[in-house]
1. T257 is checked against (1) touching an Asp or Glu at 6+ places or on another chain (Cβ under 6 Å); (2) of a type in the set (S, T, N, Q); (3) within 25 Å of R222 (Cα to Cα) and fails just one. What number does that condition carry?
2. Look through R330, R318, R250, R338 and report the one residue that is in a strand (DSSP E or B), more than 30 Å from N184 (Cα to Cα) and assigned by TED's automatic domain parsing to the domain that holds M179.
3. Which condition does K101 not pass, out of (1) in contact (Cβ under 8 Å) with a residue 24 or more places away in the chain; (2) farther than 21 Å from N210 by Cα; (3) not small (G, A, S), if it passes all the others?
4. Could you tell me which residue of segment 124-159 is surrounded by the fewest Cβ atoms within 10 Å (Cβ to Cβ), considering only residues that are in a loop (DSSP other than H, G, I, E, B) and polar (S, T, N, Q)?
5. Listed residues S99, S106; which is over 17 Å from G313 (Cα atoms), touching an Asp or Glu at 6+ places or on another chain (Cβ under 9 Å), outside any helix (DSSP H, G or I) and of a type in the set (S, T, N, Q)?
6. Take E115 and tell me if it is over 24 Å from K31 (Cα atoms) and more than 39 Å from the chain's Cα centre (by Cα).
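The values are calculated or read from the model by the stated rules, or taken from the named source; none is laboratory data. Just so it is clear, the model here is predicted, and its values are computed rather than measured. Here Cβ is always computed from backbone atoms with ideal geometry, including for glycine, and neighbour counts include all displayed protein chains.
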Amino acid sequence: MKEKLEQIRKITKEKIKDLKSMQELTDLKAKVLGKKGELTEILRGMKDLSAEERPIIGSMVNKVRDEIEDAIKEAQQNIEQALINKKLEEEKIDITLPSVKIKRGSKHPINRVIEEIEDLFVSMGYDVISGPELETDEYCFERLNLPKGHPARDMQDSFYITNEYLLRTQTSSVQARTMMANKNCEPIRMICTGKTYRREDDATHSHQFNQVEGLVIDKKERNVSLADLKGTLEVFVRKLIGENSRLRFRPSYFPFTEPSYEVDVNCFKCGGKGCNLCKETGWIEILGAGIVHPNVLKMNGYDPEKFGGFAFGTGIDRLAMFKYGITDMRYLYTNDIRFLNQFDRKD
Ligand code: DAH
């Protein structure tokens, strides 16, 4: 039995040295130490031994088993390490390789301009207000001094949904909404940016476009004047389009302001000399503005004896065209990737 034990020890240790995989290791373990394994067989045969021999052989078996178990454990660690090394070798990455460029989207030029306008006015203490695109005739026209049948309604061809509801033709509706919401007649300093709709569709007009509206109302004694309107619009246009922009105020007509003005900026293409874009005048119209009409104040809950202020409204799409030198408005809406790519993280 002693020889047999010695033989098992020797052969098993030889085999352990040659182990290559976990599977081989498991098989060998079962063959020697398993239920029907060689060492287990010996332990089973011990019942036939004499009482003197039994403890001697018993302790020998234990020694051999410990030795084999230790060797197997060591082999297991070696195999595991070898597997990890192999994996690391196979999965090695070359961090010096140039990466694949991921194309990121960029903000649409109109959204850029909207954000810029909002930031600018917030920095001057204005609130940014929004209103519904599906608007009532009351807020879009009547409360802005444009009763039903008023000829100035023809200035804006509207998409009516029902007799009462239409897609707003102007963000001016939010002027009325803001005043009406202000039950305590507190001073107002707000802008509203958003989509507007008109029944027109040609090279220079789209049926849907964006406007920004501004409204400042304060107590009469604070004397919000035309000079404040001019100063505000100058800051606005110069920051947005360029510090060298010059403005020209022309008397005009809007039902919600009196006096009313159209505001021109010197042509960004020819610098004011005259070209096809400005129709040889050197000026391009960009804004409508004026002093809020007393009727508008009255109809929206503000006493015109006690309050006064100014308002302005302009098309954001046209401002974006001036800012980025875009010559055709349709580029803004056709989502041509070659056009949009030019605004990649650029300003
Ligand atoms: N709502 C006018 C339009 O769409 C623009 C405008 C003119 C707005 C004068 C105003 C204003 O607030 O005072 O043509």
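1. Tallying (1) touching an Asp or Glu at 6+ places or on another chain (Cβ under 6 Å); (2) of a type in the set (S, T, N, Q); (3) within 25 Å of R222 (Cα to Cα), T257 fails exactly one: (1).
2. R250
3. (1)
4. Ranking the candidates gives S130 first.
5. One residue alone meets the criteria, S106.
6. No: the conditions fail for E115.
Each row is one residue, and each column tells you yes or no for (1) within 9 Å of the ligand (Cβ to nearest atom); (2) aliphatic (A, V, I, L, M); (3) in contact with a strand residue (DSSP E or B) (Cβ under 8 Å, 6 or more places away or on another chain).
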{"position": "P251", "(1), (2), (3)": "no, no, yes"}
{"position": "F254", "(1), (2), (3)": "yes, no, yes"}
{"position": "P259", "(1), (2), (3)": "no, no, yes"}
{"position": "C270", "(1), (2), (3)": "no, no, no"}
{"position": "K273", "(1), (2), (3)": "no, no, no"}
{"position": "I286", "(1), (2), (3)": "no, yes, yes"}
{"position": "I291", "(1), (2), (3)": "yes, yes, yes"}
{"position": "N300", "(1), (2), (3)": "no, no, no"}
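One line per residue, one yes/no per condition, for (1) in contact with a Leu (Cβ under 8 Å, 6 or more places away or on another chain); (2) free of Cβ contacts under 8 Å to residues at least 12 places away in the same chain:
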{"position": "E89", "(1), (2)": "no, yes"}
{"position": "G131", "(1), (2)": "no, no"}
{"position": "E135", "(1), (2)": "yes, no"}
{"position": "R153", "(1), (2)": "yes, no"}
